[in-house]
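First the structure, in the form of structure tokens, and then the observations on it.
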Amino acid sequence: MLVAAAVCPHPPLLVPELAGAAAAELDGLRAACAAAVGALRDAGPDVLLVVGGADQDVTYGADAAGSLAPWGLDVRTGRGEPVLPLSLSIGRWLLERERLTASAFHAVSFDAAPAECAALGERLAAAGRVAMLVMADGSACLTEKSPGYLDPRAQPYNAAIVEALARAEAPALAELDPGEAAGLWVAGRAALQVLGGAASPLNGEILYDGAPYGVGYFVARWAG
């Protein structure tokens, strides 16, 4: 049973060492992530899982490590050979800041079908009292300076995600269209639909909603 969840974005610049002189620009986002992740501890889970998008489905153990070297600086999370994709590397970094340890890391393919995502979420939630950290970026087509340039469909799509997270509405997450998500550069669609499959009756709260670099970053907390 899912007893708590946190949703956070995974830009490399979330790590201050990578942001350099611009690190202060994301202080509010970091603080929101810390509050959401800290709430996972408060739920007293038996299992803490991290879910994030990647090029392929892979499950990693609790000792899996990551590196941000491909994004400019070899900041390490965990020990050993780095194997975690970006989303899970940032997830592990967020947990380490709060002195939390994941039971496992689950990479879900960016193009995974909604039914596959929901089935994975349902399976993960059956592991006991489960808390889940979901790494999910919104649309990268929100402004003319966005990585995917401006698309008028992006703002309402992004707003629908934020509203679903605010209300902890699993059905709304299940309805996210994969094709539209891909066209709008929504990297977090599959991970969010895993959360939707895992969901139980919880209360949602949005701690951050912004697009400082033309990409939708939102932080949500689900708790009982």
- Per principal axis, descending, Cα span of the stretch 141-224 in whole Å: 39, 26, 16
- Item | Stokes-Einstein D for the chain, Kirkwood Rh over Cα pairs, 10 °C, 1.306 mPa s (µm²/s) | 94 µm²/s
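Ranked from highest to lowest mean number of other Cβ atoms within 10 Å per residue, what is the order of the peptides 165-172, 22-29?
Most protected by this proxy first, the peptides run 165-172, 22-29.
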- Item | 1.4 Å probe accessible area per residue over the chain, in Å² | 42 Å²
- So what is the 222 nm mean residue ellipticity for the chain from helices alone, if each DSSP H run of at least 4 adds -39500 (n - 2.57) and you divide by all residues, rounding to the nearest 500 deg cm²/dmol? -10000 deg cm²/dmol
- Expressed as a percent, the accessible surface of the chain that is carbon or sulfur, using a 1.4 Å probe and the full set of protein chains, is 53 percent
- Query: Distance from the Cα centre of the stretch 146-222 to that of the stretch 2-36, in angstrom?
  - Reply: 16 Å
- Note on the structure: Cα convex hull volume per residue for the stretch 1-108, in Å³, equals 95 Å³
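The values are calculated or read from the model by the stated rules, or taken from the named source; none is laboratory data. All of these numbers come straight from a predicted model, not from anything done at the bench. Note: ideal-geometry Cβ built from the backbone for every residue, glycine included; neighbour counts use all protein chains shown. These accessible areas exclude ligands, DNA and RNA; they are computed on the full protein's heavy atoms, side chains included. Shrake-Rupley method; radii C 1.70, N 1.55, O 1.52, S 1.80 Å.
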